[in-house]
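To start, the structure under review is shown below, and the notes come after it.
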Amino acid sequence: MVKEFEYFIRKGDVKVQKPDINLSKAAFRESMDRLEFAKNISKLKISKYILENAYESMREAADSLLYLDGFKSFSHEASIVYLAKKDLAKAI
């Protein structure tokens, strides 16, 4: 069962804070760096590390959106639920 994003706020897995553009940009840059690293190690064919870094890259990108909108997540699940709530397909 998929939880609502507000569940994570009530539980304390997400903190409401002031939007932070600088932190958002930094998290996004780190996300892109990690994704580039995942691409580079793909030549080594070590799938465990490729997958871990690609996943962390996506999670950091999600966190950058959370920072921009005034949240800090302490839960991977909350970050993913937030992305689903944003309906990014409409933003493209």
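List of remarks:
- Once both labels are positioned 7 Å from their Cα atoms along Cα-to-Cβ, the gap between residue 55 and residue 75 label points is 1.8 nm.
- In percent, rounded to a whole number, the relative contact order of the chain is 40, using alpha-carbon pairs under 8 Å and six or more apart.
- Placing +1 on each Lys and Arg Cβ and -1 on each Asp and Glu Cβ, with no other charges, gives the chain a dipole about its Cα centre of roughly 100 debye.
- Lysine pair number, Cα distance threshold 25 Å (strictly under), region 1-62, separation 8 or more or different chains: 6
- For the chain, the longest principal axis of the C-alpha atoms and the axis of helix 76-86 are separated by about 70°.
- Between 0 and 90 degrees, the angle of helix 47-68 with respect to the longest Cα principal axis of the chain falls at about 30 degrees.
- The modelled label-to-label distance for the pair residue 87/residue 46, using points 7 Å beyond Cα in the direction of Cβ, is 4.2 nm.
- Between the amide H of residue 13 and any residue lying 5 or more places away or on another chain, no distance stays under 5 Å, with hydrogens modeled in the peptide plane.
- For region 20-32, Karplus couplings with θ = phi - 60° (6.51, -1.76, 1.60), whole Hz, Gly/Pro x: 10, 5, 5, 5, 4, 5, 5, 5, 5, 4, 4, 4, 5
- Each helix, a run of at least 4 DSSP H residues, gives -39500 (n - 2.57); summed and divided by the residues of the chain, these come to -22000 deg cm²/dmol at 222 nm.
Every read-out reported here was derived from the displayed coordinates using simple, explicitly stated rules and does not represent laboratory data. This one's a predicted model, so the numbers in the text were calculated from it and none came from an experiment. Here Cβ is always computed from backbone atoms with ideal geometry, including for glycine, and neighbour counts include all displayed protein chains.
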